[in-house]
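First comes the structure, then the notes that go with it.
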Amino acid sequence: MTFALPLRLALAGLAASFSLAAAAQSTAYPNKPIRVVVPFAAGSTTDIIARAITDKMAASLGQQLVVDNRAGASGTIGQQAVATAAPDGYTVMIHSSSHTVSPWTFAKLPFDTVADFAGVTPIASLPNALVISPQKNIKSLQQLLTAARAKPGSFNFASAGQGSATHLNAEKFRLAARIEATNIPFKGSAEAVGEVMAGRVDYYFSPIAPVLGQIKEGQLIALAVGSPKRSAALPDVPTTAEAGVPGSEFNFWIGMMVPAKTPRDIVNRLHEEVAKALASPEVKDRFTRLGADAWTLPPEQFDAYIRQEINANQALVKAAGLTAQQ
């Protein structure tokens, strides 16, 4: 009993020391470079947006943000790398809306899309443009639909991987348009764009950034955009709904996430830094040139939006009759 009070004092002192150390660590964040995992190849739309935002964040945070491209398996390789990383704020992920598709297009994942991640904020929404080669001699969405319906099953479309957001956009369009078309999956957007330009694949719902130059140079024709509203980068191109296919809208977004259990003060700090970067004239100008619309939500609201998207994509995958990959 005589040692009870000294022991309590010692334990209290130890707890206080741990609290001070944790506070000091949090206050000092970041005190080393931050790894930014992008689950797609360099040059992809997600990669381009990631580099645009991280360049500005690095200057504000006073630390490097090092982009680590972990491409493959429709983004799930990069997702796993983040899900299993230490939740200390030094590993973040910049991913697309494909994050909310993978639970339904893979039979088994080595991570839980909801439980293993915490949302920081969306960064941008980017319309997908339905592009086709001039070789196809199709100048409008209605001409595409007429041709596809005249020869059911003869058309195909590219995607940046089975189960990717570009694939789901095309499937939603196919269902709404009531046409038959076959998905031709590629490892990334660059390959998909190349095959469509060559005329070997009929069309592709591509993020605007990788095809804006080719559209302006006449190497590709944009028949429509798959988003709910027109793109400022292609103001004369109608949405798929405006062009006669209501119910085909698909929101393609890119956002930042971290491993679950990352301290909330660090999550909030990252959110603030993203918002600050998006407000800068340099990033605004770059996003305009990429056809991207800046978009932020508080972390808790982004988590809720991700859950809603996962539920919506479950229904879409089922309606499209897609088989989960083993």
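The values are calculated or read from the model by the stated rules, or taken from the named source; none is laboratory data. Note that the structure is a prediction, hence the values are computed from the model and not measured. With ideal geometry, Cβ positions are generated from the backbone for all residues, glycine too; neighbour counts draw on all protein chains shown.
Things worth noting here:
- Residue in the range 103-113 that is assigned to a strand (DSSP E or B) and either surrounded by fewer than 23 Cβ atoms within 10 Å (Cβ to Cβ) or β-branched (Val, Ile, Thr) (or both) present: yes
- Looking across the range 234-252, the residues that are within 19 Å of the chain's Cα centre (by Cα) and among the hydrophobic types (A, V, I, L, M, F, W, C) come down to PHE250, PHE252.
- When the residues of the range 251-269 are filtered to those that are in contact with a Ser or Thr (Cβ under 8 Å, 6 or more places away or on another chain) and not in a strand (DSSP E or B), the one that is farthest from TRP295 (Cα to Cα) is PRO263.
- Selection status of VAL66, within 22 Å of GLY194 (Cβ to Cβ), in contact (Cβ under 8 Å) with a residue 24 or more places away in the chain and outside any helix (DSSP H, G or I): no
- Any hit, the range 91-100, residues being in contact with a Lys or Arg (Cβ under 7 Å, 6 or more places away or on another chain) and surrounded by fewer than 19 Cβ atoms within 10 Å (Cβ to Cβ): no
- Pairs with Cβ under 6 Å, 6+ apart, first in the range 289-306 and closer than 16 Å to ILE254 by Cβ, second surrounded by fewer than 17 Cβ atoms within 10 Å (Cβ to Cβ): THR296/ALA275
- Out of ALA176, ALA181, ALA158, ALA170, sole residue that is under 21 Å from LEU322 (Cα atoms) and touching a Lys or Arg at 6+ places or on another chain (Cβ under 6 Å): ALA181
- Set side by side, the residues SER206, SER154 differ, and just one is under 19 Å from ILE49 (Cα atoms) and either among the hydroxyl-bearing types (Ser, Thr, Tyr) or not assigned by TED's automatic domain parsing to the domain that holds THR262 (or both), which is SER206.
- Residue-level check: of (1) touching an Asp or Glu at 6+ places or on another chain (Cβ under 8 Å); (2) more than 16 Å from THR166 (Cβ to Cβ); (3) not in a strand (DSSP E or B), ASN31 misses just (1).
- Condition check for GLN143 on (1) of a type outside the set (Asp, Glu); (2) in a loop (DSSP other than H, G, I, E, B); (3) surrounded by fewer than 19 Cβ atoms within 10 Å (Cβ to Cβ): one failure, at (2).
- Number of the exception - GLY244 against (1) under 25 Å from ARG174 (Cα atoms); (2) assigned to a helix (DSSP H, G or I); (3) not acidic (Asp, Glu): (2)
- Within the range 173-196, residues that are free of Cβ contacts under 8 Å to residues at least 40 places away in the same chain reach partners that are in a loop (DSSP other than H, G, I, E, B) and aliphatic (A, V, I, L, M) with beta carbons closer than 6 Å, at six or more positions or on different chains, in the pairs ILE184/VAL201; ALA192/ALA160; GLU195/VAL201.
- For ILE208, the stated conditions do not hold, so it cannot be described as over 12 Å from ILE132 (Cβ atoms), hydrophobic (A, V, I, L, M, F, W, C) and in contact with a His (Cβ under 9 Å, 6 or more places away or on another chain).
- Test: residue in the range 256-272 that is within 19 Å of SER164 (Cβ to Cβ), modelled with pLDDT of 95 or more, of a type outside the set (Asp, Glu) and not assigned by TED's automatic domain parsing to the domain that holds ARG307: no
- GLU272 meets the conditions (1) free of Cβ contacts under 8 Å to residues at least 12 places away in the same chain; (2) in contact with a His (Cβ under 7 Å, 6 or more places away or on another chain) in every case but one. The failed one is (2).
- Scanning the range 205-238 for residues that are in contact with an Asp or Glu (Cβ under 8 Å, 6 or more places away or on another chain) and surrounded by 21 or more Cβ atoms within 10 Å (Cβ to Cβ) yields a count of 3.
- The residue that is surrounded by the fewest Cβ atoms within 10 Å (Cβ to Cβ), counting only those in the range 146-167 that are within 20 Å of the chain's Cα centre (by Cα) and not hydrophobic (A, V, I, L, M, F, W, C), is GLN162.
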